[in-house]
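The values are calculated or read from the model by the stated rules, or taken from the named source; none is laboratory data. Note that this is a predicted model, so its numbers are computed, not measured. Virtual Cβ from ideal backbone geometry, glycine too; neighbours counted across all protein chains shown. Surface accessibility is based on the protein's heavy atoms, side chains included, excluding ligands, DNA and RNA. Shrake-Rupley method; radii C 1.70, N 1.55, O 1.52, S 1.80 Å.
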Amino acid sequence: MIEKTDKIWMDGKLVAWDDAKVHVLTHSLHYGLAIFEGIRCYNCKKGPAIFRLNEHVKRFFDSAHIFNMEIPHSREEITEAILKTVKANRMKECYIRPLAYIGYGVMGVSSAGSSINVSIAVWPWGAYLGEDGLKNGIRAKTSSFIRGHVNSNMSMAKVSGYYVNSQLAKQEAVALGYDEAILLDTEGYVSEATGANIFIVRGGVIKTTPLTSILEGITRNTIMELAKESGYEVREERFTRDEVYIADEAFLTGTAAEVTPVKELDGRTVGQGKPGPVTKKLQDAFFQAVKGKSRKHERWLSYL
Ligand SMILES: *Cc1c(COP(=O)(O)O)cnc(C)c1O
């Protein structure tokens, strides 16, 4: 169960957690269009700091733009509201969930004339795929469900409705005893996990899915930068599931998943079946950066 905090920001006001309610005829609840973000605040040496806040707020507005949703607040207001919500809940480390949804008022597919409402909730959230997964790697399964066509899903947007597809994949993987699903794209190439991007390492070269069927992850971007700084060649190039089977290493990236090693795909051990040296190095660099232990990456932190 989710661990309650004190306050949730709703349309400009902080309200008590238990009062953060919507009407059952809220448009988004019926037709699936709501855009959201997942952001993390880490307790750094110099105090709590939100990781890559500006990039997350930008993507929030970009997602809304793709769907012609007009958020009734400026980027600065949303940035301030996020900082304010974390502070109001006296959180040192938390997950932050801004959501823009089509409110109560009209029904039918067209939402013209409806209000766009915004909420920001925060709560404590540890390792998304478990502490053991983060440390020792997870077991994944290629899903029988695929990611939507690029003209069906506008994958640059982070949208609630896309998670229907993710839930089908996750349910299947979990029912079969796996930790996570890897979805392929409409052409059969590896796309991403249910809410995280994927990387493989083969012969010292790092590969990740190009920006086609995937969400442009901010953690993906962070890892690409950290890898380049460490002198690795990073290619945004599509690859097949069997290339994952024979890769030296594989890992997932996401704000929730952070950097989670993949030790097995479809019953095949990936590499040594434990986090490899490149994964460990990048995971370490990632945690140094998010926890404010790397001066070079201070620019990614917004202290409360
Ligand atoms: C949010 C999300 C990710 C990860 O993105 P981050 O910015 O790294 O958190 C990857 N794929 C999907 C489908 C997502 O919704």
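Just a few scattered comments:
- Flag for Thr279 being in contact with a helix residue (DSSP H, G or I) (Cβ under 9 Å, 6 or more places away or on another chain) and in contact (Cβ under 8 Å) with a residue 40 or more places away in the chain: no
- Flag if Ala121 is open to solvent by less than 80 Å² (accessible area, probe 1.4 Å), more than 19 Å from Tyr245 (Cβ to Cβ) and of a type in the set (A, V, I, L, M): yes
- The residue that is nearest to the chain's Cα centre (by Cα), among those in segment 191-209 that are more than 14 Å from the ligand (Cβ to nearest atom) and open to solvent by 10 Å² or more (accessible area, probe 1.4 Å), is Lys207.
- The number of residues in segment 237-273 that are open to solvent by 30 Å² or more (accessible area, probe 1.4 Å), touching a strand residue (DSSP E or B) at 6+ places or on another chain (Cβ under 6 Å) and not hydroxyl-bearing (Ser, Thr, Tyr) comes to 5.
- Criterion: of a type outside the set (S, T, N, Q), modelled with pLDDT under 95, under 26 Å from Val290 (Cβ atoms) and open to solvent by 20 Å² or more (accessible area, probe 1.4 Å) - qualifying residue of Lys84, Lys45, Lys58, Lys4: Lys45
- The condition of being at pLDDT below 95 and either among the basic types (Lys, Arg) or out of contact with any helix residue (DSSP H, G or I) (no Cβ under 6 Å at 6 or more places or on another chain) (or both) does not hold for Thr222.
- Residue check, Leu211 out of contact with any strand residue (DSSP E or B) (no Cβ under 9 Å at 6 or more places or on another chain), closer than 25 Å to Val57 by Cβ and not in a strand (DSSP E or B): no
- Scope segment 87-116; condition open to solvent by less than 30 Å² (accessible area, probe 1.4 Å) and not aliphatic (A, V, I, L, M); matching residues: Asn89, Cys94, Tyr95, Pro98, Tyr101, Gly103, Gly108, Ser114
- Every condition in (1) closer than 22 Å to Ala250 by Cα; (2) within 15 Å of the chain's Cα centre (by Cα); (3) not basic (Lys, Arg) is met by Gly133 except one, and the failing one is (2).
- Count of segment 251-290 residues which are under 14 Å from Met224 (Cα atoms), within 16 Å of the ligand (Cβ to nearest atom) and aliphatic (A, V, I, L, M): 5
- Residue check, Met224 under 15 Å from the mean Cα position of the chain (by Cα), more than 9 Å from the ligand (Cβ to nearest atom), open to solvent by 10 Å² or more (accessible area, probe 1.4 Å) and within 21 Å of Ile39 (Cα to Cα): no
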